[in-house]
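Engineer: For reference, the structure I am asking about is given below.
The values are calculated or read from the model by the stated rules, or taken from the named source; none is laboratory data. These numbers were taken from a predicted model, which means no experiment stands behind them. Neighbour counts run over all protein chains shown; Cβ positions are idealised from the backbone, glycine included. Side chains are part of the model used for accessible areas, which takes the heavy atoms of the whole protein and leaves out ligands, DNA and RNA. Shrake-Rupley method; radii C 1.70, N 1.55, O 1.52, S 1.80 Å.
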Amino acid sequence: MAGFAHNHLLGIANLEREDITTILDAAEAFINVSRRPVRKVPALRGKTVINMFFEASTRTRTSFELAGKRLSADVVNVTGSGSSLSKGESLLDTCRTLEAMRPDIVVMRHNASGAPHYVARRVGCSVVNGGDGAHEHPTQALLDAYMIRHTFGTLSGLKVAICGDISHSRVARSNAALLNKFGSEVRLCGPRTLLPVAAETLGAKVYADLNEGIEGVNVIMLLRIQRERLEGALLPTMREYSRKFGVAQPQLDRAAPNAIVMHPGPMNRGVEIHPALADSERSVILDQVEAGVAVRMAVLYLLAKDQRGTSPEQAAAMGARSAES
Ligand code: CP
């Protein structure tokens, strides 16, 4: 098994191509665990994972919880409103308090960019970034990469258009970083007011016209408008946005004939994506959700250090034998 020499998963930026391939290969081994009648393997028995979600989440939080449980870890969930943060305890004191309970891995989502990095420097356990502000969402990019590699057999030489509210999107940043490492062309496409200053520094071509941006691409990745992060009047109206940047069949027809439509969710049907397209055969949105559990199993497994002697394939096979007996 290729090694994974990291204590934390904080972003895509500090991963090598080989690290990413190791995670995706491990996810390939784990995806079948979720398709069995008994969806559990003993790989992380005795390990503890704490999910600390200080921002709303459906997909990331649930899939990390399922990933931990399907690996037989003990999983605890902490939210901002249900924790003593709401009584004025600092983030660091909260993390140190939880660290004293000896978790092996903390998964953290926070609205401040860099919050998981701050915590990782101060605690002894592994930290996984479950999304920090507009900075990074590494496991989303990894599950997106899983879907792209599964569909096209490669992460290299493809054209990927990421369309929508790029300024506020940690998903766009992590995906651009990952796809750049593998030599795919990344296009960032959105209204000028929702493109970051110096967007080219993300290693992408920038388009303020949707039709130009998606011409001939293999992947259209749609993003919602992050209304909760919008400051001031960056958009005229949602109707106007949808008219210029919403994707339906006529826009998809401009992409490559085998192009797929992706969305990290949550999606706003009828705004950035036409409902019929979201439910069409070209959409892999729910496949992304399934891949998310497998990728998060891979991440937890690879960070649990004393499991490194056993390959993900062996760990998944152990579960199959247990399920049969
Ligand atoms: N894609 C994503 O992060 O979704 P959630 O906010 O529901 O976790």
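Engineer: Report whether or not Lys69 is more than 16 Å from Val299 (Cβ to Cβ) and either open to solvent by 70 Å² or more (accessible area, probe 1.4 Å) or more than 19 Å from the chain's Cα centre (by Cα) (or both).
Structural biologist: Taking the combined requirement at face value, the residue does not satisfy it.
Engineer: Here is a check on your reading of the model: is Val217 in a loop (DSSP other than H, G, I, E, B), under 28 Å from Arg109 (Cβ atoms) and of a type in the set (A, V, I, L, M, F, W, C)?
Structural biologist: no
Engineer: Sticking with this one: Confirm whether Leu302 is away from the ligand (no atom under 16 Å from the Cβ), within 29 Å of Val49 (Cα to Cα) and at pLDDT 95 or above.
Structural biologist: Working: away from the ligand (no atom under 16 Å from the Cβ): yes; within 29 Å of Val49 (Cα to Cα): yes; at pLDDT 95 or above: yes.
The answer is yes for Leu302.
Engineer: Would you mention how many residues in region 97-111 are in a loop (DSSP other than H, G, I, E, B) and under 17 Å from the mean Cα position of the chain (by Cα)?
Structural biologist: Matching residues across region 97-111 total 1.
Engineer: Being at pLDDT 95 or above and in the same structural domain as Phe64 (by TED's automatic domain parsing) narrows it down to one residue among Val295, Val261; which is it?
Structural biologist: Only one candidate passes the filter, namely Val295.
Engineer: Against the condition within 25 Å of His137 (Cβ to Cβ) and in a strand (DSSP E or B), how does Val261 come out, does it pass?
Structural biologist: It is true that Val261 is within 25 Å of His137 (Cβ to Cβ) and in a strand (DSSP E or B).
Engineer: Oh, and also: Kindly list the number of the only condition in (1) closer than 30 Å to Gly153 by Cβ; (2) away from the ligand (no atom under 16 Å from the Cβ); (3) surrounded by fewer than 16 Cβ atoms within 10 Å (Cβ to Cβ) that fails for Val206.
Structural biologist: Among (1) closer than 30 Å to Gly153 by Cβ; (2) away from the ligand (no atom under 16 Å from the Cβ); (3) surrounded by fewer than 16 Cβ atoms within 10 Å (Cβ to Cβ), the lone unmet condition for Val206 is (3).
Engineer: If you don't mind, there's one more thing I want to ask. Quickly run through region 121-136 and pick out the residues that are open to solvent by less than 10 Å² (accessible area, probe 1.4 Å) and of a type outside the set (S, T, N, Q).
Structural biologist: Start the filter on region 121-136 by keeping residues that are open to solvent by less than 10 Å² (accessible area, probe 1.4 Å), which leaves 126-133.
The answer is Val127, Val128, Gly130, Gly131, Asp132, Gly133.
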